[in-house]
């Protein structure tokens, strides 16, 4: 068993999660890739570490407590510890006005985007406590700070995640466990590809960002890696936007 630090990344088969898993691996970490997309998740693990010595995949639906615990157990049984966790898995949900938002979609978005992070941390924190501390990076959104028409469930979940992060940070700071949350703006990922396929819509979204473009997953991964590392040892309980100036307006 090697003694490199160990990171668990949920929603790691594509987009920000994939970029984060790659960044951890390239910087010497062992990585547990957790996702509901088995084919892409396993492909990433195999590409990073063909012999499974430094990267492994596990099927994980974050809305299920047992899946979160299984992912942490894989980390500790394979690599001996858990030093960082990135709770990135999320869904967009349906778009509809608040007055007639489908309750089934609401429940699903909250279950994955908010409750899923609570369940993740409830599995991750005991393992970090056993390792002497660690860092949790939760992935919210710019919509954890501002509203967006037609997305009440997503906005509510991402706002809730900021509050959850702050509460967790206070609860576990004395144990050497740091908990932070980041807020990406619109990033070039599969989640928004359906929207940006329309040139007019893509141009409108780009125009929301003063920098004049969308963000790239690897840019978000750099912030995740920093917050997970000892370089951020005095940083906990905070929200960090990575948004091309979106929130400055």
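Go through the stretch 124-171 and give me each residue that's closer than 17 Å to residue 75 by Cβ and buried (at least 24 other Cβ atoms within 10 Å of the Cβ).
Start the filter on the stretch 124-171 by keeping residues that are closer than 17 Å to residue 75 by Cβ, which leaves 124-137.
Scanning the stretch 124-171 gives 124, 128, 134, 135, 136, 137.
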- [ ] Need at least 2 residues that are in contact with a strand residue (DSSP E or B) (Cβ under 6 Å, 6 or more places away or on another chain), surrounded by 15 or more Cβ atoms within 10 Å (Cβ to Cβ) and modelled with pLDDT of 95 or more per element, so show me which helices (runs of 4 or more DSSP H) inside the stretch 190-249 make the cut, counting only ones lying wholly within it.
- [x] 217-228
Task: Pairs with Cβ under 6 Å, 6+ apart, first in the stretch 162-182 and within 19 Å of residue 81 (Cα to Cα), second part of a strand (DSSP E or B) - done: 177/134; 178/135; 179/136
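Can you name the residue in the stretch 131-146 that is outside any strand (DSSP E or B) and in contact with a helix residue (DSSP H, G or I) (Cβ under 8 Å, 6 or more places away or on another chain) and, of all such residues, is nearest to residue 244 (Cα to Cα)?
Within the stretch 131-146, the subset outside any strand (DSSP E or B) is 131-133, 140-146.
Now drop any that are not in contact with a helix residue (DSSP H, G or I) (Cβ under 8 Å, 6 or more places away or on another chain), which leaves 133, 140-146.
On the way: 133: 32, 140: 16, 141: 13, 142: 11, 143: 14, 144: 16, 145: 15, 146: 15 Å.
Looking at residues that are outside any strand (DSSP E or B) and in contact with a helix residue (DSSP H, G or I) (Cβ under 8 Å, 6 or more places away or on another chain), I get 142.
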Open item on the list: Looking at the structure I just gave you, is residue 55 buried (at least 18 other Cβ atoms within 10 Å of the Cβ) and more than 17 Å from the chain's Cα centre (by Cα)?
Closed with: yes
Task: Any hit, the stretch 93-111, residues being crowded, with 19+ Cβ neighbours inside 10 Å, more than 14 Å from the chain's Cα centre (by Cα), on the phi > 0 side of the Ramachandran plot and touching a residue at least 12 places away in the same chain (Cβ under 8 Å) - done: yes
- [ ] Give the residues of the stretch 66-104 that are in contact with a helix residue (DSSP H, G or I) (Cβ under 6 Å, 6 or more places away or on another chain), under 14 Å from residue 126 (Cα atoms) and either assigned to a helix (DSSP H, G or I) or modelled with pLDDT under 95 (or both), sorted by residue number.
- [x] 68, 69, 72, 76
Open item on the list: Six or more apart or on different chains, Cβ atoms under 7 Å: show the pairs whose first residue is in the stretch 190-202 and farther than 17 Å from residue 212 by Cα and whose second is surrounded by 11 or more Cβ atoms within 10 Å (Cβ to Cβ) and modelled with pLDDT under 80.
Closed with: none
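Hey, can you tell me all the residues within the stretch 217-231 that are touching a residue at least 12 places away in the same chain (Cβ under 8 Å) and in contact with a helix residue (DSSP H, G or I) (Cβ under 8 Å, 6 or more places away or on another chain)?
Result: 217, 218, 220, 221, 222, 224, 225, 228.
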- [ ] Any chance you could count how many residues in the stretch 166-204 are over 30 Å from residue 122 (Cβ atoms) and within 22 Å of the chain's Cα centre (by Cα)?
- [x] 6
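The values are calculated or read from the model by the stated rules, or taken from the named source; none is laboratory data. This structure is a prediction, so every number in the text was calculated from the model and none was measured. Don't worry about glycine lacking a Cβ; one is built from the backbone with ideal geometry, like all the others, and counts go over all protein chains shown.
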